[in-house]
Amino acid sequence: MSAALRAPSLLAMLRGSAELHPATVAVKDANRQLTYAELLDEAHRLAAYLVELGVRPGTPVASCLPRGVAAVVTHVAVLTAGAVHVPVAPTHPDALLRQLLNGVKARYLVVERERDAVGDARQVILDDPAIRRSSPDEAWSEPPMDALACVIHTSGSTGRPKPVALSHGAVANSTYARLHRYGEGIGEFAFVSPMTFDISLAGIWWTFATGGTLRMLAPDTAGLLGEFADALSAGATTHTLLTASLYRAVLSSVDKPAPGLRQVVVCGEPCPAELVDEHYRRMPNVELTNEYGPTEAAVWCAGATLHPGEDVVIGTPVLNTDVLVLDGDLRVLPPGEFGELCIGGANLAEGYVGLPELTRTVFVPHPADPSRRIYRTGDVGRWRPDGQLEIRGRLDEQVKVNGHRVEPGGVAAVLRGASDIRDAAVVKRSDRLVAYITAESGDMSQTEALYAALRQHANQLLPEYERPATYVLVPSLPLTANGKVDHAALPEPPVTRPELSTAYAAPALSDEHRVAAIFAELLGVQPIGLHDDFVELGGDSLLAARAAHRIGDEFGVHAPIRIVFEQPTVAHLAAWLATAPARSRPATASSPQEAPAGRLPLTEMQSAVWAHDQASGWNVVAGPDFTLSATYRINGTLDVTALGDAVDELVSRHEALRTSLQLRPGEQCQLIGQPSTGLLRTAGPRTRLADLFRAEPLELASGRVFAADLISFSDVEHQLSLRVQHMIADDWSLHLIERELSQLYAGMLAGRAPGLDAAPSYRAAISQAAPAPSAADLTYWAEKCRGARPVELVPNERLRRSKEPHRVRVNSVVVPATGFLRLVQANRVTLHTGLYAMIHALVAADTGAQEVLLNTVNAARRSAELERTVGVFVDTVLVRQRVLPNLSFIDSLRLAADELNTTYWHADATMPALCAELPDLLAVAAKSQPVVFETLAPVAGLQLKGCSIQRSDPYHVDYDGLPYRLPVGLNMIARQEGTMLRLAAFHDTAFLPAKYVDGMLHRMREIVLAYDQHGDHPMDRLVPADTWVREL
């Protein structure tokens, strides 16, 4: 166990975040949201009301609430009052609910609306006006760390759920261990677990401890799956935590991750290696973490970051926690030997409420220190030679069903209590529970009536996840020689259609047969009737998600995850398919055997760049220096052959990386070449990158538009360079190249396919006609350019007199930006908006202009296919904004956001297409000086197994790669690098002197540092104007 670090209390962590971020949204659902200040206000009012009712420290207070804001407020309120929170599910049948409340002696039950048959518990209804009248100003004392915080129920072997008692100290340490292990705070946490599941504690307190936003997804299963898929794909989600089963059901609906998604944590059950591979195929830059730990260890006790192609392990113990591997006599086993995993330390539960004998059985003295306790998990595992923990099965019959711990013997015990049931055995088959039963009467003819009675019995007494999907009546249960049920001898459940509430009607139409076949394959039932309900056939939420994916693939339509719940029969789904939206299918790259097609035109952006290059006299875009590049210092064992194969496969996949461009006056076109091999060029330690660049420069005309060069200094020290000609790739493309090269290398090492979909066709992408401007867009841009003066930072007369040659200079500064980035985020705007607000203010101050017109880069890809395509698919956009004095930074952000949002809303058509329709816009654009601002995506870089890599690019001072030349005036760039912000400038020294540009970077740095917390100071008074421009 690591050296003890004392965790702060849960409520102290929450109040600390509330003091730092009172206006930040703490929790939200589809109906409402609360800031940290509002959360504490509501929770304190409810806590005060509970105390008025008689709740005292240690009093069990149950809540029966769906996933949502109210459930979180109640949880915080109960803990604030010093009471013990006992969440129970609104879907529990009345008999089970009464059993749970009586088992923990809960005399208070918080509900949204009054509920019948809850026994003696007093119901606290959340919309009671008396709660709102309670004072939030009570001076609440901190509950002791050894006081109970909550009780979480898990499955029991007798059929009675086990109430696990967790102290404040256990949950606090579990939370603090996350801060210690992961470091990075939560931006927005997508909360998907039931409120009764122990991982709900992780989501709530990890988020609150770091000042993030807890997004509570829909309480119903159908809504949850759809919302969760959307949250992973778009929006502000940065983190989530869920079972592997649920993640597997939703992941196939995610084509790309949300832009800020940083970490997905799976837990609660074994994580399949296939899920790891699928995760990184779809989200190569999002960390996948595997956490292990039972409820008895306050959610988790170990964790590991998973990687594709590697063993799935549970990692290393978390802060203040022991994980021991013991034999049957509770003696420590050496590394490599399998034994029972036992847990000790600060996360440990107090035991089971009302079950002292069971508590003594599994919470036993520590073998090294009898004054401490350990929990016997029943899981079998070992310490691996690499210091990681590995788990392999269980000592008992406990199983996991969709992430829930289930004791099949407990389910069987409940079934034995049904009428006419002599005996029962429950087993897990294909992720579902199957119950084998024998009848007291011995009658084997009335099966359907018996099954119906059993389903009703189970529905009244068992949680949903413990209810068998299939019942099989057998004459007797087979026994082993020792007299135990012989599970191996139990027959496979029948595939015949069970007796349902609807009569069988055969599918008739082709679509009906195809949907029925999908149902039959997933459910293992034949035949499927036209009006048979998917859930009644034995389907659950995860099978419904898989069915939606299968239907989408089979019919080529967009099938949302919830569709099988909304249209649960073959007939309904077949009718829905008649009007279902078609799924856009990416064009795939031609096979290597196909001959390349003929000449292809340049894209609008390529033509515009070429024309500007010629008109400005730069004449660089066709040369070897108009290049995007990065270098990588690699330490570790690198498989050079595998890297070379990965480079060859990368170029084979992406047509753009083997495309030549012919750029001659009156004739510009591009041709896609054939794939080739041996593209990775290797050299020894005495070689310099500059020598390799000079020996084989990039050349547009010949199709050598991509190069990979590797210098090996030793077996474990290397330097790699990647170069790509900027006329066929943009910044997004370089990130795509890095991501796919990482995946391809991992696949080559493992001797398997990397799991990448075929790359979309570059030929198809550049041949596709750009969208024509709409009438609304033309109206907007006509008004936008009315009376506008072209962008002019430097008087044109001075530029005409200048005789200096064009020369590109790069400079950058790195600024601590935690507070600035938080301020930008708190005002719900982007970093791009923050950059625009700064540039706008500085240009206005320096020129004295009443309005400022600037160019920005719209780098957003217009389709999912383009996001996976190497190419130049950016566009420039003009932004125009009046100068208003004495604006605070926050007000400047809001005005900048309004301008950018409106501009991008009307930027579906490209700027060249708009200029072709609007002569006034063309005149403004053509006469404007090239003053541009853009925001680059954070860099993920290369990830090569077994290697540490240091990436460098032209923005770094120590960059030793290819100098960057482009026909530029002034390009101001921002890129977030962790909690730092890199501000960079590319400029032509004939356009602006280095002193002025460096001064602009310095002033931007001062703005970022000044607005690290508060944005209410006027920005135009913060830094002095540089009047160099006005004095020309």
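The values are calculated or read from the model by the stated rules, or taken from the named source; none is laboratory data. All values derive from a computational prediction rather than experimental measurement. Cβ coordinates were reconstructed from backbone atoms using ideal geometry, including for glycine residues, and neighbour counts include every protein chain displayed.
Some notes on this structure:
- Residue in the stretch 892-909 that is touching an Asp or Glu at 6+ places or on another chain (Cβ under 8 Å) and either under 25 Å from Q976 (Cβ atoms) or assigned by TED's automatic domain parsing to the domain that holds R658 (or both) present: yes
- Filter result for P22 (more than 25 Å from S155 (Cβ to Cβ), surrounded by fewer than 18 Cβ atoms within 10 Å (Cβ to Cβ), in the same structural domain as V192 (by TED's automatic domain parsing) and not acidic (D, E)): yes
- Yes/no for E287 being among the acidic types (D, E), surrounded by fewer than 21 Cβ atoms within 10 Å (Cβ to Cβ) and either under 20 Å from the mean Cα position of the chain (by Cα) or modelled with pLDDT of 95 or more (or both): yes
- Some residue of the stretch 576-596 being surrounded by 15 or more Cβ atoms within 10 Å (Cβ to Cβ), at pLDDT below 85 and not in a loop (DSSP other than H, G, I, E, B): no
- Condition check for S134: in the same structural domain as L79 (by TED's automatic domain parsing), surrounded by 17 or more Cβ atoms within 10 Å (Cβ to Cβ) and among the polar types (S, T, N, Q): yes
- Counting the residues of the stretch 137-155 that are touching a helix residue (DSSP H, G or I) at 6+ places or on another chain (Cβ under 8 Å), hydrophobic (A, V, I, L, M, F, W, C) and either outside the structural domain of P194 (by TED's automatic domain parsing) or assigned to a loop (DSSP other than H, G, I, E, B) (or both) gives 3.
- Residue list for the stretch 750-759, filter: farther than 16 Å from P675 by Cβ and either buried (at least 20 other Cβ atoms within 10 Å of the Cβ) or in the same structural domain as E865 (by TED's automatic domain parsing) (or both): P754
- Number of positions in the stretch 693-711 that are among the hydrophobic types (A, V, I, L, M, F, W, C) and not in a strand (DSSP E or B): 6
- Wholly enclosed strands (runs of 3 or more DSSP E) of the stretch 1-98 bearing at least 1 residues more than 19 Å from A298 (Cα to Cα) and touching a Pro at 6+ places or on another chain (Cβ under 9 Å): 33-35, 60-64
- Pairs are defined by a Cβ separation below 9 Å, a sequence spacing of at least 6 or placement on different chains, a first member in the stretch 825-851 that is within 23 Å of T238 (Cβ to Cβ), and a second member that is of a type in the set (F, W, Y); the pairs so defined are H832/F933; G834/F820; G834/F889; G834/Y1011; L835/F933.
- Residue in the stretch 495-536 that is farthest from the chain's Cα centre (by Cα), counting only those that are outside any loop (DSSP other than H, G, I, E, B) and under 15 Å from A575 (Cα atoms): S510
- The set of residues in the stretch 812-843 that are closer than 15 Å to V932 by Cα and touching a strand residue (DSSP E or B) at 6+ places or on another chain (Cβ under 8 Å) comprises H832, G834, L835, Y836, I839, H840, V843.
- Residue match in the stretch 962-975 (condition: touching a Phe, Trp or Tyr at 6+ places or on another chain (Cβ under 9 Å), aromatic (F, W, Y) and modelled with pLDDT under 80): yes
- Considering residues of the stretch 664-692 that are without any contact (Cβ under 8 Å) to a residue 60 or more places away in the chain, surrounded by 14 or more Cβ atoms within 10 Å (Cβ to Cβ) and part of a strand (DSSP E or B) only, the residue nearest to the chain's Cα centre (by Cα): L680
- Strands (runs of 3 or more DSSP E) lying entirely in the stretch 362-464 (those with 3 or more residues that are in contact (Cβ under 8 Å) with a residue 12 or more places away in the chain, in contact with a Leu (Cβ under 7 Å, 6 or more places away or on another chain) and farther than 27 Å from R497 by Cβ): 373-383
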